[in-house]
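K.L.:
Quick one: this structure, given as structure tokens, is what I'll be asking you about.
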Amino acid sequence: MSDIETLERDLGAQIEAAGDEAALETIRIATFGKTGSITALLKTLGAMQPDERKVAGPAINGLKDRLGEALARRKAILKDAALDARLAAEAVDISLPVRESAIETGRIHPVTQTIDELTAIFTDMGFAVAEGPDIETDDFNFTKLNFPPGHPAREMHDTFFFNPKPDGERLLLRTHTSPVQVRTMLAQKPPIRVICPGRTYRCDSDQTHTPMFHQVEGLVIDKTANLGQLKWILAEFCKTFFEVPNVKMRFRPSFFPFTEPSMEVDIQCRRQDGEIRFGEGEDWLEILGCGMVHPNVLRNCNVDPDEYQGYAWGMGIDRLAMLKYGISDLRPFFEADVKWLSHYGFRPLDIPSLAGGLSQ
Ligand code: 2NL
């Protein structure tokens, strides 16, 4: 067999065996490159005698053309195969369901839901919503609210104090939302009707207390503000919030430095099989504190107690959320556990409204 035939057979076999375009390119360079086998063969033509060249020339050039064609054919096949492989690997499965969006999977925290609900109730009655800073002065958190300096009630609040500033002033984390009402009275002229929901802080931590918790307070200042109005407001609130047609309430005398008289309020309930129901039964559950604003507080906030009087109340939002939604443990409220939130949380588009029934 001639050299040309051997070369043609060997190279032809190599080309057919090339598994991808890179392997084929290596063969092409080894054949037609500067030092390639066909290139070397073509170079031999120059040194040949004319007779010899007449025979060898067409034979070598014929081989060159056939190998060129074989390379091109194989390249086209490999290119098609590579594309087919990519199309198969990158295929999009259009039968896959769409991944749920954040609006479907996200949940509203029960505390946020409860704040939204009680805000809907009180704003419907004509109350404005006021907010203030979590870091407060001793003056706004205690002194203006009729806690005398050194009064034991300051200690009762288990206050988180900051280190004193160079001028000796000691800021604190507010122990109740009352300083927001103080700020409201100092900034606005009566009549005033506000609720103040927000975070509050006390150095206390056990099964039923967390160092940060939520409170909502309400304040009305008007010339004829009186306890009869307060009773009606609280009864309306309880019926609407707990979604029952009637609820008995019990007012017990109590003490707060900022109200006189002061009362604690219980609502009628029934405890059964570890469940609690409102608006029925013979048991009582304390849910809030209230009273007539102390004249000293009015004076401290530039409200003339001879012209105006006020009533105020305060309640724990976390506890309201636990009671309404049957959550027995307070601590997971603040543990950011997604599993807990997906169980107790609310759908983002179920906005609480009085017309819709608050919790739907
Ligand atoms: C409770 C009791 C209460 C108030 C808060 C208040 C605010 C001002 C003036 C007078 Cl500026 N009173 N707030 C009044 C009575 C009770 O909270 O047990 N909260 C959880």
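K.L.:
So which of ILE276, ILE287 is of a type outside the set (Asp, Glu), at pLDDT below 95, within 14 Å of the ligand (Cβ to nearest atom) and assigned to a strand (DSSP E or B)?
P.N.:
Result: ILE287 is the single residue among ILE276, ILE287 that is of a type outside the set (Asp, Glu), at pLDDT below 95, within 14 Å of the ligand (Cβ to nearest atom) and assigned to a strand (DSSP E or B).
K.L.:
Every residue in segment 143-187 that is within 20 Å of ILE221 (Cα to Cα) and free of Cβ contacts under 8 Å to residues at least 24 places away in the same chain, please.
P.N.:
Listed by number, the list holds a single entry, ALA187.
K.L.:
So, one more: From the list ALA88, ALA40, ALA47, exactly one residue is within 60 Å of the chain's Cα centre (by Cα) and loosely packed, with under 14 Cβ neighbours inside 10 Å. Which is it?
P.N.:
After ruling out the rest, the residue left standing is ALA88.
K.L.:
Could you identify the single residue in GLY314, GLY345 that is surrounded by 13 or more Cβ atoms within 10 Å (Cβ to Cβ), touching a strand residue (DSSP E or B) at 6+ places or on another chain (Cβ under 6 Å), over 18 Å from ALA235 (Cα atoms) and at pLDDT 90 or above?
P.N.:
GLY345
K.L.:
Would you confirm whether or not segment 309-317 contains a residue that is assigned to a helix (DSSP H, G or I) and closer than 24 Å to PRO352 by Cβ?
P.N.:
There is at least one residue in segment 309-317 that is assigned to a helix (DSSP H, G or I) and closer than 24 Å to PRO352 by Cβ.
K.L.:
Next question. Please tell me if ASP304 is among the charged types (D, E, K, R), over 23 Å from PHE241 (Cα atoms) and either buried (at least 19 other Cβ atoms within 10 Å of the Cβ) or in the same structural domain as LEU219 (by TED's automatic domain parsing) (or both).
P.N.:
So ASP304 passes the test.
K.L.:
Suppose we filter ALA120, ALA130 for residues that are small (Gly, Ala, Ser), farther than 24 Å from GLU335 by Cα, touching a Ser or Thr at 6+ places or on another chain (Cβ under 7 Å) and away from the ligand (no atom under 15 Å from the Cβ); which single one remains?
P.N.:
ALA120
K.L.:
When the residues of segment 206-264 are narrowed to those that are of a type in the set (A, V, I, L, M, F, W, C), in a loop (DSSP other than H, G, I, E, B) and within 23 Å of GLU131 (Cβ to Cβ), which ends up nearest to the ligand (Cβ to nearest atom)?
P.N.:
PHE258
K.L.:
Scan segment 296-304 and give yes if some residue there is within 13 Å of the ligand (Cβ to nearest atom) and in contact with a Gly (Cβ under 6 Å, 6 or more places away or on another chain), otherwise no.
P.N.:
The answer is no, given that none of the residues of segment 296-304 is within 13 Å of the ligand (Cβ to nearest atom) and in contact with a Gly (Cβ under 6 Å, 6 or more places away or on another chain).
K.L.:
Being touching a strand residue (DSSP E or B) at 6+ places or on another chain (Cβ under 9 Å) and not in a strand (DSSP E or B) is the filter here, so list the residues in segment 184-202 that pass it.
P.N.:
THR184, MET185, GLN188, PRO190, PRO191, ARG202
K.L.:
What is the residue count in segment 321-360 for residues that are assigned to a loop (DSSP other than H, G, I, E, B) and among the aliphatic types (A, V, I, L, M)?
P.N.:
So the answer is 8.
K.L.:
Okay, moving on. Identify all residues within segment 305-320 that are within 14 Å of the ligand (Cβ to nearest atom) and in contact (Cβ under 8 Å) with a residue 40 or more places away in the chain; write none if there are none.
P.N.:
Correct list: TYR308, GLN309, GLY310, TYR311, ALA312, TRP313, GLY314, MET315, GLY316, ILE317, ASP318, LEU320.
Matching residues to (1) closer than 30 Å to PHE241 by Cβ; (2) surrounded by fewer than 13 Cβ atoms within 10 Å (Cβ to Cβ):
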residue: GLU104; (1), (2): yes, yes
residue: PHE127; (1), (2): yes, no
residue: PRO133; (1), (2): yes, no
residue: ASP139; (1), (2): no, no
residue: LYS144; (1), (2): yes, no
residue: LEU171; (1), (2): no, no
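K.L.:
Here is a further query. Can you pull out every residue in segment 164-198 that is within 21 Å of PHE147 (Cα to Cα) and touching a His at 6+ places or on another chain (Cβ under 8 Å)?
P.N.:
Across segment 164-198, the qualifying residues are THR175, HIS176.
K.L.:
Additional query: Can you tell me which residue among THR177, THR184 is more than 15 Å from PHE258 (Cα to Cα), at pLDDT 95 or above and within 11 Å of the ligand (Cβ to nearest atom)?
P.N.:
Selected residue: THR184, the only one of THR177, THR184 that is more than 15 Å from PHE258 (Cα to Cα), at pLDDT 95 or above and within 11 Å of the ligand (Cβ to nearest atom).
K.L.:
Sort through GLU286, GLU335 and tell me the only one that's within 23 Å of the chain's Cα centre (by Cα), assigned by TED's automatic domain parsing to the domain that holds THR200 and under 30 Å from ASN141 (Cα atoms).
P.N.:
Just one listed residue meets the conditions, GLU335.
The values are calculated or read from the model by the stated rules, or taken from the named source; none is laboratory data. Note that the coordinates shown come from a computational prediction; the quantities given were computed from them, not determined experimentally. As a convention, Cβ positions derive from the backbone with ideal geometry for all residues, glycine included, and neighbour counts pool all protein chains shown.
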